[in-house]
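Step one of this worksheet: look at the structure below.
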């Protein structure tokens, strides 16, 4: 579980990206620090190592794979709906990748590019990204819209492990 410092750092960075003209694509990681040229090189946050280098990369799925990979899965599935132009999507990607590692074998994790898979995106009424949806037994069970801290995603995942 992440420390209070880690949670505050995530929230502050997300707030900075959402409320300003700073883009996550301009972020430069220098050692354990994240810097943005728009902030005149000032340290915006410090990486506390909450995401392991050994995290797995969550695979993309498409409309054509949806039925077999998600709806017919024998374990619960977390799907992150994302778009390449979405800054908050890039911010939660390492969190989702780490959760995929932590819950391997108990949960499946996929992401779906909303630009490339419009049928599935429209079917679930995705209007904002990132949106995370939990599926179990082929049915949508829960959804979270927006970039949220790891703890919120983890709590939702654990809720569906005990059912």
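No value in this document is a laboratory result; all are computed from the given coordinates. Owing to the predicted nature of the structure, the values given are computational and were not obtained by experimental measurement. Cβ placement follows ideal geometry from the backbone for every residue including glycine, while neighbour counts extend to all protein chains displayed.
Between residue 71 and residue 159, how many nm apart are label points set 7 Å from Cα along the C-beta direction?
Those two pseudo-labels are separated by 2.4 nm.
Please list, by residue number, everything in segment 62-91 whose backbone N is under 14 Å from a paramagnetic label point 7 Å out along Cα→Cβ of residue 56.
74-79
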